[in-house]
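Step one of this worksheet: look at the structure below.
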Amino acid sequence: MTQTSFPAFLLLFILLSTLTRVHALWPQPRSLQTGSEALKLSPTFDIIVSGNIHFLPLDLREAISRTKEQVKNDRLGRVVVGRGSSDQPLLFQAKQLDALYLSFGEHATMSSIADEARKPLESRDEAYLLSVPCDGSPATLVANSSLGAFRGLATFTQLWYNFNGTTYALHLPVDIVDSPSYPYRGFMLDTARHYFPVIDIKRMLDAMSWVKLNQLHWHAVDSQSFPLQVPRFMDLAHKGAYSPDEVYTPDDIADIVSYAGARGIDVLIEIDTPGHTSVISKARAEHIACPEFMPWRTFANEPPAGQLRFASPATTNFTASLLEAVATMFPSTLFSPGGDELNTNCYDQDKETQSILSSTGQNLEQALDRFVRTTHQAVIDLGKTPVVWEEMVLVHNVTLHPETIALTWISSDSVKAVAQKGHRIIHAAADFFYLDCGGGGWIAPDLAGNGYCDPFKTWQHAYSFDPLANLTTEEATLVLGGEHLLWTEQSSSANLDPIVWPRAAASAELYWTGPGGNTSDALSRLHDLSFRLQKRGVNAIPIQPLWCALRPGACDLPTTSST
Amino acid sequence: MRTFSSLLLAVVLATLPPAHALWPQPRNLRTGSDKLKLSDDFKIHLEAHVPQDMLDAISRTEDFLKKDHLQRLIVGRGSSDTNALTNAKSLSELDLYLESGADANSITTEAQKPIESRDEAYTLNVPNDGSPANITASSTLGLLRGLTTFTQLWYEVDGTIYAADVPIYTHDSPAYPYRGFMLDTARNFFPVSDIKRTLDAMSLVKMNQFHWHVVDSQSFPLQIPEFMDLSIKGAYSSSSVYTPDDVKDIVAYAGARGIDVLVEIDTPGHTSVISKAYPGHIACPEATPWDIFANEPPAGQLRLASNETTNFAANLLAAVARMFPSTIFSTGGDELNANCYDQDPDTQKSLNETGRTLEQALDVFIKTTHKAIEDLGKTPVVWEEMVLKHNVTLNPNTTVLVWEKSENAKTVAQKGYKLIHAASDFFYLDCGAGSWLGASPDSPNWCDPFKTWQHSYTFNPTANLTDDEAKLVLGGQHLLWTEQSGPSNLDSIVWPRAASSAELFWSGPGGNVSHALERLHDLSFRLQQRGVKSIPLQPLWCALRPGVCDAVPHTS
């Protein structure tokens, strides 16, 4: 008996060391059990597909090889004082893990990760079970879909650290039962205010997949530039891209979509209409009202002014064809026709619009209704669900398909009203998730330098967002998830990674693990994630001095200062 | 008459905006409206005995001209210039002249002179007829500044390198002798390559002072031969260090680019990490709760009342000062926490034995440590508290960094000290990104909001100062404290914002923000062409259309 009882100080030591940090998984699995043993990764570690799987999709096979590469090559030192040197005594006796056995549930039907990722939002199966024993026997990963398996692999890679060439995990055994709280976990990138090369987008997709984000919302074009090459509408990019090099060819798009799919990410393409379309005037002057009119402030929320002449049947047909042409390039079941920031003065002063309105006897809102119905129908006819900015629900009186999903952006306070109208919701609120805020205004010369959505949205702020605030139980079922967004008036390749990472990971955990996470606990895991992103080539920024990162809690504001 | 006036209007419009985008704006500039091509066999000549770093600067300049490949920031990116270029003359020669009687010292030697004796003036003349351009200066440092201006004249379209607004004549010199940038390499570490890239960017905007806040409470990356255990035990890792060779490399790289290195060993506060190697010298090391012992974690300060510690600090400062050729050296002096000493039995014992108050002990500490610097022929640079909060004896030549708020410049000047503007309310690049202390949501940062380039650009360096007091202003600097910065966001947080103080202190205050914006776009793109990840200030659409994205568009 005496031999098995722990000396009190040892027990205390164990308690303390498990209190400071257990694992640094991000997002935190929804059910996680851990032990206190160490485990080394065998140099011959392999991932073996077990069970009666006759066919393994190519993208899953590739994901398995990437996983093996990552556990070997991350070489992340533990984010503690000594960077893992104190783990050495534990490793002396630790067993080696030789294999991870991947198997699928009885009812699993085997299709590619990409196919699973592109299913309608609510039918994506991302659940998985992961067990890593400490006795050296094989770890097991069980899922019902290749997508679930992929999520489990992402978790598995986050268990491993490296010290002096030894790859190891702590706090074994680990048992994880995991699945997302919300089906939509996204990141929006605007490639129109500034162009981003395909390689940047792929790097974003990689980083997204490591935090289990599943939706790239691609705000591809806007008033400033039209980088998207659309077959049958090639003149739009030809005349509207910033330069002949700053375009996304159909091959680029296919490449991005397939790269995303293989990483469990669906691509929601947005062609913002009828506003935010000034650049279309370069190729199709007849379809744009008030193109580049000045002073821009009376015609648009930002320069240049210019909107589709939606009252015109020709313009409506043009738009429907354009949306259809773009939608056919993307396999997603979602498509965004935009719908934000419509400026009525632009139409009031547009003779063409006024003459159509008088001849049809319609008012502007009636004409808009017709435009929206026609253009949305083109998307719906392709089997896709429209995703619109909140104004389409809250500001305008237009007929939307009841399945239409609304992006609430102006303020998180808009959510309640959208829910009351019965539309499904994606949280994208400027006051929580806009990554561009706080860098000073870009409308010149603004001496005070205030941006429209100051201040900077910290990761803590986004992390502590409540997706169901003020909603009834029934309204809450309309919330699909949310996304961080990067509008790129002041961003380009030069600052893409540092402005996005690790902040965008805050919503990734919020919508996977669910709200209510503890920010202190999250901070130490977020450091870990940030360092792992750096190891994998993403320029995530430090959120504290390294001294603090290595000492969880030591840089918290002491309670003395809040009293 | 009708025809004439519309022609006149066309001419006026064509000259607005100016095609040249020099940064900082020369203080005296005359430009024409012709184009000039750069000949394929373009060469820079300097007759005279030429120091090696001048030769290197010449070959770097020739390289920049060929490789910048910057397209003009106008719609079409310069395609509209191609017609005018067919008839343009070609420039095949730039001649550099050192004025007669001038010393052919190295650029480095000139840059490392005392602040007020640096000669950075130059005259640049680029004719429009293809005859040789020339730069005249009375020092190699002046020639370097002229070469820097020269490189900013050139654009590229379809493989042709050309200047747009010749003839150009400028006689230029800085309004203020100190134009700096401060980097903190202690909160997070930066590899030498990051520092060199930053020095390159600084040199492009004619900054002349790298203020290197090299160590602090969090880490001690500086290897000092006599005090190796400080970095062995205090660096974040054995690879996160600056070796003596790295220091030499950085100092030489800076010098060759007209930049002096002001190293700072912050004392007696901000020294917690010294406790790892010398616990006997540090009071309240890593004491918690940290906020009653320090402004930020970890707590820990030199035991300034102790003779041994004072001698240790003096020897340490002297050892570091000997590694740097600059005539200025910063001993720091900010954010001293009295409670740390009140609760330190060792300090209380020293005070009792000597019968001194803490302030009297601080005076002894400062006199001794500053003397170690002055004995090496160097002038101490201190943070403002040394003048404003403490009652210590300073050499009247001591230079003061005004940091807490810009208004404090007045009090420092009234006390008769020379000053460097480094105010957090204008020049702190780290502000506005949220608090890094703890994990609580929505805690503001102490120096919110973000300091925009426009804000620092419109700073008045002599606000509230009398004419006599104004003479004490040496210049100023942007500063990057790196609690939330690392190699991953160094460029993007610094550039192009830091360029706003580079122009403010070279060209002088009062610049027009709208005009500056379009030149700053140009600079930002040129920085990108040279490998610095400078960020965009506006959508490219706006950058190509000066004025159109103004709140009240100035072209309407």
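The values are calculated or read from the model by the stated rules, or taken from the named source; none is laboratory data. Since the structure is predicted, the reported quantities are computational estimates derived from the model, not experimental observations. In this analysis, Cβ positions are derived from the backbone assuming ideal geometry, glycine residues included, and neighbour counts consider all displayed protein chains.
Among the candidates B:Asp40, B:Asp53, the residue that is exposed (fewer than 13 other Cβ atoms within 10 Å of the Cβ), modelled with pLDDT of 95 or more and of a type in the set (D, E, K, R) is uniquely B:Asp40.
For B:Phe181, the conditions (1) surrounded by fewer than 24 Cβ atoms within 10 Å (Cβ to Cβ); (2) modelled with pLDDT of 95 or more are fulfilled apart from (1). Counting residues in the range B:206-214 that are closer than 20 Å to B:Asn134 by Cα and touching a His at 6+ places or on another chain (Cβ under 7 Å) gives zero.
Counting only residues that are of a type in the set (Asp, Glu) and either at the interface with chain A (Cβ under 7 Å from one of its Cβ atoms) or touching a strand residue (DSSP E or B) at 6+ places or on another chain (Cβ under 9 Å) (or both), which one in the range B:439-468 is farthest from B:Asn408 (Cα to Cα)? If we take residues in the range B:439-468 being of a type in the set (Asp, Glu) and either at the interface with chain A (Cβ under 7 Å from one of its Cβ atoms) or touching a strand residue (DSSP E or B) at 6+ places or on another chain (Cβ under 9 Å) (or both), then B:Asp442 is farthest from B:Asn408 (Cα to Cα).
Can we say A:Phe310 is among the hydrophobic types (A, V, I, L, M, F, W, C), within 14 Å of another protein chain (Cβ to nearest Cβ) and surrounded by 20 or more Cβ atoms within 10 Å (Cβ to Cβ)?
On the way: among the hydrophobic types (A, V, I, L, M, F, W, C): yes; within 14 Å of another protein chain (Cβ to nearest Cβ): no; surrounded by 20 or more Cβ atoms within 10 Å (Cβ to Cβ): yes.
Considered against the rule, which asks whether it is among the hydrophobic types (A, V, I, L, M, F, W, C), within 14 Å of another protein chain (Cβ to nearest Cβ) and surrounded by 20 or more Cβ atoms within 10 Å (Cβ to Cβ), A:Phe310 comes out as no.
Would the range B:81-89 turn up any residue that is within 30 Å of B:Ser138 (Cα to Cα) and either touching a residue at least 40 places away in the same chain (Cβ under 8 Å) or of a type in the set (D, E, K, R) (or both)? The answer is yes, given that some residue of the range B:81-89 is within 30 Å of B:Ser138 (Cα to Cα) and either touching a residue at least 40 places away in the same chain (Cβ under 8 Å) or of a type in the set (D, E, K, R) (or both). Only residues that are at the interface with another protein chain (Cβ under 8 Å from one of its Cβ atoms), assigned to a loop (DSSP other than H, G, I, E, B) and either of a type outside the set (Val, Ile, Thr) or closer than 22 Å to A:Phe531 by Cβ (or both) were counted in the range A:486-505, giving 4. Of the helices (runs of 4 or more DSSP H) lying entirely inside the range B:394-480, those containing at least 3 residues that are surrounded by 16 or more Cβ atoms within 10 Å (Cβ to Cβ) are B:408-414, B:424-427, B:453-457. Reported count of residues in the range B:114-165, each being within 25 Å of B:Leu520 (Cβ to Cβ) and assigned to a loop (DSSP other than H, G, I, E, B), is 4. Checking each residue in the range A:208-245 for being over 23 Å from B:Val548 (Cα atoms), in contact with a Gly (Cβ under 9 Å, 6 or more places away or on another chain) and within 14 Å of chain B (Cβ to nearest Cβ) picks out only A:His219.
Residues that are part of a helix (DSSP H, G or I), more than 9 Å from chain A (Cβ to nearest Cβ) and modelled with pLDDT under 95 within the range B:495-517 comprise just one, B:His515.
For (1) crowded, with 22+ Cβ neighbours inside 10 Å; (2) among the hydrophobic types (A, V, I, L, M, F, W, C); (3) not assigned by TED's automatic domain parsing to the domain that holds B:Leu480, each residue gets a yes or a no:
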position	(1), (2), (3)
B:Gln218	yes, no, yes
B:Ala235	yes, yes, no
B:Asp246	no, no, yes
B:Gly258	yes, no, yes
B:Thr271	yes, no, no
B:Gly280	no, no, no
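The number of residues in the range B:523-550 being under 30 Å from A:Pro295 (Cβ atoms), within 7 Å of another protein chain (Cβ to nearest Cβ) and not hydroxyl-bearing (Ser, Thr, Tyr) comes to 11. Filtered by the rule that a residue be touching a helix residue (DSSP H, G or I) at 6+ places or on another chain (Cβ under 6 Å), aliphatic (A, V, I, L, M) and under 23 Å from B:Arg530 (Cα atoms), the range B:202-228 gives B:Val205, B:Met207.
Counting the residues of the range B:228-270 that are within 30 Å of B:Asn105 (Cα to Cα) and assigned to a helix (DSSP H, G or I) gives 13.
With the requirement that a residue be of a type in the set (Lys, Arg) and in a loop (DSSP other than H, G, I, E, B), what does the range B:346-393 give you?
B:Arg356, B:Lys378, B:Lys389
Exactly one residue out of A:Tyr511, A:Tyr452 is more than 10 Å from chain B (Cβ to nearest Cβ), in a helix (DSSP H, G or I) and not aliphatic (A, V, I, L, M), and it is A:Tyr511.
Here A:Ser112, A:Ser85 are screened, and the one residue that is polar (S, T, N, Q) and at pLDDT 95 or above is A:Ser112. Condition check for A:Lys351 on (1) under 17 Å from A:His287 (Cβ atoms); (2) touching a strand residue (DSSP E or B) at 6+ places or on another chain (Cβ under 7 Å): one failure, at (2). Just one of the listed residues (B:Leu144, B:Leu91) is in contact with a strand residue (DSSP E or B) (Cβ under 9 Å, 6 or more places away or on another chain) and either surrounded by fewer than 19 Cβ atoms within 10 Å (Cβ to Cβ) or over 19 Å from B:His69 (Cβ atoms) (or both), namely B:Leu144. For the range A:533-550, the condition holds for no residue, the condition being that it is in contact with a Lys or Arg (Cβ under 6 Å, 6 or more places away or on another chain), buried (at least 24 other Cβ atoms within 10 Å of the Cβ) and hydrophobic (A, V, I, L, M, F, W, C). Taking the numbered list (1) surrounded by fewer than 21 Cβ atoms within 10 Å (Cβ to Cβ); (2) touching a Phe, Trp or Tyr at 6+ places or on another chain (Cβ under 9 Å); (3) not acidic (Asp, Glu) in turn, A:Gly152 passes all entries but (1). Only a single item in (1) of a type outside the set (Phe, Trp, Tyr); (2) closer than 18 Å to B:Ser456 by Cα; (3) outside the structural domain of B:Asp200 (by TED's automatic domain parsing); (4) touching a Pro at 6+ places or on another chain (Cβ under 6 Å) is not met by B:Ile535, and it is number (4). One residue stands out in the range B:56-88 among those that are surrounded by fewer than 14 Cβ atoms within 10 Å (Cβ to Cβ) and within 20 Å of B:Arg545 (Cβ to Cβ): the one that is farthest from the other protein chains (Cβ to nearest Cβ), namely B:Ser80. Of all the criteria given as (1) touching a Ser or Thr at 6+ places or on another chain (Cβ under 8 Å); (2) crowded, with 16+ Cβ neighbours inside 10 Å, the one not satisfied by A:Lys72 is (2).
For the range A:1-59, the set of residues classified as farther than 26 Å from A:His107 by Cβ, among the hydrophobic types (A, V, I, L, M, F, W, C) and at pLDDT 50 or above consists of A:Val22, A:Ala24, A:Leu25, A:Trp26, A:Ala38, A:Leu39, A:Leu41, A:Phe45, listed by residue number. When you look at B:Val552, is it assigned to a loop (DSSP other than H, G, I, E, B), more than 29 Å from B:Val400 (Cβ to Cβ) and at pLDDT below 95, yes or no? Spelling it out, B:Val552 is indeed assigned to a loop (DSSP other than H, G, I, E, B), more than 29 Å from B:Val400 (Cβ to Cβ) and at pLDDT below 95. Within the range B:282-309, the set of residues being charged (D, E, K, R), more than 14 Å from chain A (Cβ to nearest Cβ) and surrounded by fewer than 21 Cβ atoms within 10 Å (Cβ to Cβ) comprises just one member, B:Glu308.
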